[in-house]
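Remarks on the structure that follows.
The values are calculated or read from the model by the stated rules, or taken from the named source; none is laboratory data. From a predicted model like this one, the values you see are computed outputs, not experimental measurements. We place every Cβ from the backbone using ideal geometry, glycine too, and count neighbours over all the protein chains shown.
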Amino acid sequence: MLKKSLSIISITLLFLVALSSNAEASVVTGKRYYTQLLKEPCGFKGDIMGSKHTKNAWRAFYKSGTLNTAIKEICPKAPDIISEKKQKHLYHFLESFASDSGNVPSCN
(Lines give C-alpha, C1' and ligand atoms only; values in the text may rest on other atoms or scores of the structure.)
Protein backbone atom coordinates (compact mmCIF):
# COMPACT_ATOMS: atom_id res chain seq x y z
CA MET A 1 0.00 0.00 0.00
CA LEU A 2 2.77 2.43 0.94
CA LYS A 3 4.75 1.53 -2.18
CA LYS A 4 1.70 2.22 -4.36
CA SER A 5 1.08 5.57 -2.66
CA LEU A 6 4.70 6.62 -3.14
CA SER A 7 4.50 5.66 -6.81
CA ILE A 8 1.39 7.79 -7.32
CA ILE A 9 2.96 10.75 -5.51
CA SER A 10 6.17 10.41 -7.55
CA ILE A 11 4.28 10.30 -10.86
CA THR A 12 2.21 13.32 -9.85
CA LEU A 13 5.30 15.34 -8.91
CA LEU A 14 7.05 14.38 -12.14
CA PHE A 15 4.00 15.48 -14.13
CA LEU A 16 3.83 18.83 -12.31
CA VAL A 17 7.53 19.51 -12.88
CA ALA A 18 7.19 18.71 -16.58
CA LEU A 19 4.11 20.91 -16.88
CA SER A 20 5.73 23.91 -15.20
CA SER A 21 8.90 23.64 -17.28
CA ASN A 22 6.81 23.67 -20.50
CA ALA A 23 5.09 26.90 -19.46
CA GLU A 24 8.44 28.46 -18.55
CA ALA A 25 9.91 27.41 -21.90
CA SER A 26 6.92 29.00 -23.60
CA VAL A 27 7.54 32.29 -21.77
CA VAL A 28 11.19 32.29 -22.87
CA THR A 29 10.19 31.55 -26.47
CA GLY A 30 7.50 34.24 -26.26
CA LYS A 31 10.11 36.76 -25.12
CA ARG A 32 12.23 35.86 -28.14
CA TYR A 33 9.24 36.29 -30.49
CA TYR A 34 8.33 39.60 -28.86
CA THR A 35 11.88 40.87 -29.32
CA GLN A 36 12.02 39.70 -32.96
CA LEU A 37 8.54 40.78 -34.06
CA LEU A 38 7.19 43.51 -31.81
CA LYS A 39 9.86 45.35 -29.85
CA GLU A 40 11.00 47.60 -32.69
CA PRO A 41 7.58 48.49 -34.17
CA CYS A 42 6.09 49.03 -30.71
CA GLY A 43 9.04 50.93 -29.25
CA PHE A 44 8.88 49.37 -25.79
CA LYS A 45 9.79 46.15 -24.00
CA GLY A 46 7.44 43.22 -23.57
CA ASP A 47 6.94 43.77 -19.85
CA ILE A 48 5.32 47.11 -20.64
CA MET A 49 3.05 45.49 -23.24
CA GLY A 50 2.14 42.72 -20.78
CA SER A 51 1.23 45.18 -18.05
CA LYS A 52 -1.46 46.77 -20.23
CA HIS A 53 -3.92 43.99 -19.31
CA THR A 54 -4.61 41.51 -16.51
CA LYS A 55 -3.83 37.80 -16.71
CA ASN A 56 -7.51 37.03 -17.28
CA ALA A 57 -7.73 39.59 -20.09
CA TRP A 58 -4.70 38.15 -21.91
CA ARG A 59 -6.15 34.66 -21.48
CA ALA A 60 -9.50 35.79 -22.87
CA PHE A 61 -7.83 37.43 -25.90
CA TYR A 62 -5.85 34.28 -26.62
CA LYS A 63 -8.74 31.86 -26.18
CA SER A 64 -11.13 33.98 -28.27
CA GLY A 65 -8.60 34.38 -31.08
CA THR A 66 -8.33 38.16 -30.65
CA LEU A 67 -4.75 38.34 -29.38
CA ASN A 68 -3.62 40.11 -32.58
CA THR A 69 -6.33 42.73 -32.14
CA ALA A 70 -5.40 43.32 -28.50
CA ILE A 71 -1.74 43.75 -29.42
CA LYS A 72 -2.60 46.14 -32.27
CA GLU A 73 -4.73 48.29 -29.96
CA ILE A 74 -1.66 48.87 -27.82
CA CYS A 75 0.78 48.94 -30.73
CA PRO A 76 -0.83 49.92 -34.06
CA LYS A 77 2.42 49.29 -36.00
CA ALA A 78 2.62 45.65 -34.84
CA PRO A 79 2.59 43.03 -37.60
CA ASP A 80 -0.11 40.36 -37.65
CA ILE A 81 1.01 37.25 -35.79
CA ILE A 82 -0.60 34.54 -37.89
CA SER A 83 1.13 31.46 -36.54
CA GLU A 84 -0.83 29.78 -33.74
CA LYS A 85 2.48 28.58 -32.28
CA LYS A 86 3.85 32.12 -32.03
CA GLN A 87 0.58 33.40 -30.59
CA LYS A 88 0.67 30.72 -27.89
CA HIS A 89 4.19 31.66 -26.82
CA LEU A 90 3.47 35.40 -26.99
CA TYR A 91 0.36 34.88 -24.89
CA HIS A 92 2.36 33.08 -22.16
CA PHE A 93 5.01 35.81 -22.24
CA LEU A 94 2.53 38.70 -22.08
CA GLU A 95 0.50 37.00 -19.36
CA SER A 96 3.66 36.57 -17.29
CA PHE A 97 3.94 40.38 -17.09
CA ALA A 98 0.23 41.13 -16.76
CA SER A 99 -0.72 44.01 -14.47
CA ASP A 100 -1.82 41.56 -11.78
CA SER A 101 1.04 39.06 -12.19
CA GLY A 102 3.39 40.50 -9.58
CA ASN A 103 6.35 39.74 -11.86
CA VAL A 104 9.05 42.34 -12.27
CA PRO A 105 11.43 42.30 -15.25
CA SER A 106 15.01 41.34 -14.54
CA CYS A 107 17.80 43.79 -15.21
CA ASN A 108 19.51 42.77 -18.43
Inset, instruction - Kindly indicate whether Leu6 is loosely packed, with under 10 Cβ neighbours inside 10 Å, at pLDDT below 70 and farther than 21 Å from Val104 by Cα. - result: no
Inset, instruction - For Ile71, state whether it is in a loop (DSSP other than H, G, I, E, B) and either in contact with a strand residue (DSSP E or B) (Cβ under 9 Å, 6 or more places away or on another chain) or touching a residue at least 24 places away in the same chain (Cβ under 8 Å) (or both). - result: no
Legend entry - Selected residue [closer than 19 Å to Val28 by Cα, in a helix (DSSP H, G or I) and out of contact with any helix residue (DSSP H, G or I) (no Cβ under 6 Å at 6 or more places or on another chain)] from Lys86, Lys39: Lys39
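Out of the stretch 42-52, which residues are under 13 Å from the mean Cα position of the chain (by Cα) and part of a helix (DSSP H, G or I)?
Gly46, Asp47, Met49, Gly50
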Legend entry - Cross-chain or 6+ apart pairs with Cβ under 6 Å, the stretch 50-63 first and surrounded by 15 or more Cβ atoms within 10 Å (Cβ to Cβ), then in a helix (DSSP H, G or I) and among the β-branched types (Val, Ile, Thr): Lys52/Ile74
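Those residues that are surrounded by 13 or more Cβ atoms within 10 Å (Cβ to Cβ) and of a type in the set (Val, Ile, Thr), I need them from the stretch 67-84; list them, please.
Matches in the stretch 67-84: Ile71, Ile74, Ile81.
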